[in-house]
1. I need every pair where a residue in region 112-138 that is in contact (Cβ under 8 Å) with a residue 40 or more places away in the chain and under 18 Å from ALA69 (Cβ atoms) has its Cβ under 6 Å from the Cβ of a residue that is aliphatic (A, V, I, L, M) and crowded, with 17+ Cβ neighbours inside 10 Å, sequence separation at least 6 or different chains.
2. Which pairs do you get when a residue that is free of Cβ contacts under 8 Å to residues at least 40 places away in the same chain, found in region 1-28, comes within reach of a residue that is among the aromatic types (Phe, Trp, Tyr) and in a strand (DSSP E or B), reach meaning Cβ atoms under 6 angstrom, with the pair 6+ apart or on two chains?
3. What number of residues within region 86-96 are assigned to a strand (DSSP E or B) and either of a type in the set (D, E, K, R) or at pLDDT below 95 (or both)?
4. Has region 97-107 got any residue that is modelled with pLDDT under 95, in contact with a strand residue (DSSP E or B) (Cβ under 7 Å, 6 or more places away or on another chain), part of a loop (DSSP other than H, G, I, E, B) and not aliphatic (A, V, I, L, M)?
5. When you check ASN60 against the structure, is it over 22 Å from ALA160 (Cβ atoms), assigned to a loop (DSSP other than H, G, I, E, B), polar (S, T, N, Q) and touching a residue at least 12 places away in the same chain (Cβ under 8 Å), yes or no?
6. Among the residues in region 37-57, are any in contact with a Pro (Cβ under 7 Å, 6 or more places away or on another chain) and at pLDDT 95 or above?
7. Of the residues THR94, THR38, THR89, only one is in contact (Cβ under 8 Å) with a residue 12 or more places away in the chain, of a type in the set (S, T, N, Q) and in contact with a helix residue (DSSP H, G or I) (Cβ under 9 Å, 6 or more places away or on another chain); which?
8. Test GLY149 against the criterion of being of a type in the set (Gly, Ala, Ser) and over 30 Å from ASP18 (Cβ atoms), and give yes or no.
Amino acid sequence: MTTIYEKMHTGELYNCTDEELMVEQGKCLERLYDFNATRPSEGEKRKELLKEMFAEIGDNCYIEPPFHANWGGKHIHFGSGIYANFNLTMVDDTHIYVGDYTMFGPNVTVATAGHPIRPDLRENVTQFNLPIHIGRNVWIGAGVIIVPGVTIGDNTVIGAGSIVTKDIPANVVAVGNPCRVLREINDHDKEYYYKDRKINF
């Protein structure tokens, strides 16, 4: 028989107010509270807390508090060199995978959890979760929302304010609501970092 914790990770409907889940979730949220209560000078403490909080986290990752996560990072898998600006929200009711050197602008939401359309099922606080995969060296602009089950390919840029409802391939710039591929990353991008501003770095 499938346990309720297993149902969280199989896309099945389950009751997210299950007592056993809430006890475990509460422990995770206590550590998240401690992380968000750190002072700017407590960089080492932040690193140690993230190692305790996350399923996996590589070297040289930086998350600017406040950080929000339903399970305090328990189901989040970060590579190395990842940067997240203020107010990153990760609804980590199931697994979120993020590749090396990815960057999150402020106020980004990455949500693995969904609820059924039928109102009687929502009354019983049922939900389902689908994992999210974000590739290596991705830039997620400010205010982006990523919904359950989405995959974003390596090196891609998601423009500010976009709502990502479907998979986005690697090596593209994608924007909008719903988010769509605007263009491929090209030779112009090798020479110019913004409009007509040439790279001289």
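The values are calculated or read from the model by the stated rules, or taken from the named source; none is laboratory data. Since the model is a prediction, treat every value here as computed from it, not as a measurement. Positions of Cβ are backbone-derived with ideal geometry, glycine not excepted, and every protein chain shown enters the neighbour counts.
1. ALA113/VAL91; GLN127/ALA113; ASN129/MET8; ASN129/ALA113
2. The qualifying pairs are ILE4/TYR14; LYS7/TYR14.
3. 0
4. no
5. So ASN60 passes the test.
6. Within region 37-57, one or more residues are in contact with a Pro (Cβ under 7 Å, 6 or more places away or on another chain) and at pLDDT 95 or above.
7. THR38
8. For GLY149, the condition - of a type in the set (Gly, Ala, Ser) and over 30 Å from ASP18 (Cβ atoms) - is not met.
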